[in-house]
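**Student:** Have a look at this one before I ask anything.
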Amino acid sequence: LEKAYRLYFLALLFRLDAAGLIRYDRSRTNGDYLRALRGSTLTGRLRAAMSAFDSIRYGGRRIDERDLETVAALLESLTMPVSTRASG
């Protein structure tokens, strides 16, 4: 499950990059991405996903099906043009 979660999370970052909302770079942190998204209507939902990712990936929290469903749903919600959801 952890590998699937990581793949969904990376796909989420790539989708945001493709929409021009962030510039994906392996050296950037989730905090960097949240700062780049400041003012976006997506910030709250992404903050929750990024916090979960960090606690699973780096904090040793066990992942469950609900975690995977949450990040998959967030990714699916970004299949619509994301740039129309960002403000200024």
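Every read-out reported here was derived from the displayed coordinates using simple, explicitly stated rules and does not represent laboratory data. Predicted model, so just to flag it, every value in this text is computed and none were measured. Cβ atoms come from the backbone with ideal geometry, glycine included; neighbour counts cover every protein chain shown.
**Student:** Please state the relative contact order of the chain as a whole percent: Cα pairs under 8 Å, 6+ residues apart?
**Tutor:** 47
**Student:** Using the Cα centre as the reference, give the magnitude of the dipole from point charges on the C-beta atoms of the chain (Lys, Arg: +1; Asp, Glu: -1; all else neutral), rounded to the nearest 20 debye.
**Tutor:** Roughly 260 debye for the chain.
**Student:** Dividing the alpha-carbon radius of gyration of the stretch 13-83 by 2.2 N^0.38 Å (N being the number of residues), what value is obtained?
**Tutor:** Relative to the 2.2 N^0.38 Å estimate, the stretch 13-83 comes out at 1.09.
**Student:** What does the charge count around ILE63 come to, taking other residues whose C-beta lies under 10 Å from its C-beta (Lys +1, Arg +1, Asp -1, Glu -1)?
**Tutor:** Spelling it out: positives minus negatives among the neighbours equals +2.
**Student:** By the scheme Lys and Arg +1, Asp and Glu -1, what is the net charge of all other residues having a beta-carbon under 14 Å from that of ALA11?
**Tutor:** +1
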